[in-house]
Every structure is written in C-alpha cells, then in structure tokens.
Amino acid sequence: MQVRVLAFARLREIMEGPERVLELPLGARIRDCWSALVERYPALGPEQGSTRVARNGRLGSLDDLLADGDEIALLPPVGGG
C-alpha cells in the first residue's frame, strides 16, 4: 500500500522536501511508516519524541493502523512568539 507523508519545518529540511510517498506492507502502522523514514533519513530518529503525527487530518498515535492512500503529516513542536 502507499501512504503520502507530509513534513513541516525542520522535518522538511531533514527529509529534503515537503512530501514523500512510501510503499508499506498491508497491516502497517504509523510506527512502521516512521521506521521506514528513519531508515532513509537517520537524522529523523532523535525527532520522534517531539513529533506529533496526524493521519488524514486527525492527530494519531504510532500504533494506528494505516490504509492505502492515507496521508500522514509529521508535525514538529511549534515555537516562536
């Protein structure tokens, strides 16, 4: 199955672009998506603890099951003022 991954701010820089399409096995979870991304972009690894994940526009958890065509957004912490 394919999922579309959107990255913002620093995560976009690490992934060298705002969007990637990943091929994952059926039954994959968001955790598997994250692992596949870290395999390609090792600098993402340390960002896991501070990154929120949304699936199809709703905040989710790493244990959420994925479906073909899902959109996963990686949301770094927001700062500034």
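Using 10 Å bins from zero, what percent of all Cα-Cα pairs in the chain falls into each bin?
19, 58, 21, 2, 0
Under a crude label model (7 Å from the Cα following the beta-carbon direction), how far is Arg12 from Arg52 in nanometres?
1.8
Non-local amide H neighbours of Gly60 (under 5 Å, H modeled in plane, Pro and chain starts lacking H): which ones?
Placed amide hydrogens put Val53, Ala54, Arg55 under 5 Å from Gly60.
For segment 40-47, what does the Karplus curve 6.51 cos²θ - 1.76 cosθ + 1.60, with θ = phi - 60°, yield as ³J(HN,Hα) per residue in whole Hz, taken in order and with x for Gly and Pro?
In residue order, the calculated couplings are 7, 10, x, 5, 6, x, x, 7 Hz.
Dipole of the chain (Lys/Arg Cβ +1, Asp/Glu Cβ -1, origin at the Cα centre): which of Val78, Ser61, Gln2 lies farthest to the positive side?
The listed residue farthest towards the positive side: Val78.
Between the DSSP loop rule and a limit of at most 10 other Cβ atoms within 10 Å, which GluC sites (Glu not before Pro) in the chain are left?
Glu16
Using a basic spin-label model with each label point 7 Å from the Cα along Cα→Cβ, how many nm lie between Ala67 and Arg40?
Reported label-point gap for Ala67 and Arg40 is 2.3 nm.
No lab work stands behind these numbers, since they all come straight from the coordinates. Quick caveat, the model's predicted, so the values are computed rather than measured. We place every Cβ from the backbone using ideal geometry, glycine too, and count neighbours over all the protein chains shown.
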